[in-house]
1. Put +1 on the Cβ of every Lys and Arg and -1 on every Asp and Glu Cβ in segment 227-307; which of 259, 279, 291 then has its Cα farthest towards the positive end of the dipole?
2. With a 10 Å cut-off between alpha carbons and a GNM built on the chain, which of 129, 285, 148 moves the most?
3. For the charge dipole of segment 2-368, defined by +1 on Lys and Arg C-beta atoms and -1 on Asp and Glu C-beta atoms about the Cα centroid, which residue among 239, 303, 268 has the Cα displaced farthest towards the positive pole?
4. How would segment 18-82 be classified by its alpha-carbon gyration tensor: rounded, prolate or oblate, with rounded meaning a/c under 1.5 and the a/b versus b/c comparison settling the rest?
5. Mind sorting 206, 343 by how few other Cβ atoms lie within 10 Å of their own Cβ, fewest first?
6. Just the number, please: Stokes-Einstein D of segment 199-327 in µm²/s, Kirkwood Rh from C-alpha pairs, 4 °C, 1.567 mPa s.
7. With only Lys, Arg, Asp and Glu charged, each at its Cβ (+1 for the first two, -1 for the last two), find how big the charge dipole of segment 2-368 is about the Cα centre; round to the nearest 20 debye.
8. Averaging sequence separations of C-alpha pairs under 8 Å and six or more residues apart, then dividing by the length of the chain, give the relative contact order as a whole percent.
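Taken together, the values in this text are just the output of simple stated rules run on the coordinates, not laboratory data. Model, not experiment: these values are computed from the prediction. Quick reminder, even Gly has a Cβ in these numbers, built from the backbone with ideal geometry, and neighbours come from all protein chains shown.
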Amino acid sequence: MWLADVNHLTKTETGIVFSSISLFAIIFQPVFGLMSDKLGLRKHLLWTITVLLILFAPFFIFVFSPLLQMNIIAGSLVGGIYLGIVFSSGSGAVEAYIERVSRANRFEYGKVRVAGCVGWALCASITGVLFSIDPNITFWIASGFALVLGLLLWLSRPESSNSAQVIEALGANRQAFSLRTAAELLRMPRFWGFIVYVVGVASVYDVFDQQFANFFKSFFASPQRGTEVFGFVTTGGELLNALIMFCAPAIVNRIGAKNALLTAGMIMSVRILGSSFASSAVEVVILKMLHMFEIPFLLVGTFKYISSAFNPRLSATLFLIGFNLSKQLSGVVLSAWVGRMYDTVGFHQAYLILGCITLSFTLLSFVTLRGGNRLLPTAETQSPA
């Protein structure tokens, strides 16, 4: 909404900005993934992300917005670098770090992720109201909370459980980290089966959701009213998301990671296809709420699938390269193409095409996604140096 309402970008230009963000995410996500697995529970990478978040307001107000007004390409490149590092790559690195800490201390990642859902719920309502007053206020609030994040990061002392430390000291189930080991993923059919799901389902859905707020506002008497309602609906949905996220680990453990990902895919397909036929504000509100059922199954299912199908020691690399990177890579092409479709054929027709793509790849994933034991070689099976 900020790109369209404040900077007056067309849907095609907005797609170019999102493509640039995806492009730079492709560059940084593999680096962040390898660094995360190298660093383990150390917080060096998180400190870098936190410092950049503190600069959020100055960047958006004094750098990004003026550049977009001056030159869309220059603005897209600079914004793509910052947002590609802080959000597209940074959020994945933070998710992977939380998951690593949860495994080391034997608690469920999904239950910790609830806090993120609650925070997003509160931010959505606040932003929906403040955006109509002055969008810059939300940026300064974000920088302020980044300072709080820095304090919490300084106070936190993540440690492995005693049993995890003993296992690590003995070298049990240990595999030395190396670029060669990470490269072995590219030769694994199971890895590419996972990529098919991410690119055809999760990535297409992300591109659909990028400009959904603009579609949502079109059903209300004024853009300001639409923005406010969108914020309130997002808040209600995220609170529901938090409840489901808390229960998601138990549900996913029961139905299996593969079925969780397929369930998320079906929910995403229903929301996109439903949006192509939506004709009233009530319908788009209901469709927006579906997002909150999909996210817990997608996130928890992804981490569970990675830990069950691959070596958990490379969880950050797998999440940032296999999940986030592949989404951004396909997003580079899709964002600009879909943005152009919005300008030429309209939201409804574009959503019908995207929905058919997502549904087709979800059905294909019944075959390409696998269950079972880990396939990445362990130290015992590798030949000595």
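1. 259
2. Comparing 129, 285, 148 in a Gaussian network model of the chain, the most mobile one is 148.
3. 303
4. It comes out oblate by the Cα gyration axes.
5. 343, 206
6. It comes out at roughly 83 µm²/s.
7. Roughly 1020 debye for segment 2-368.
8. 30
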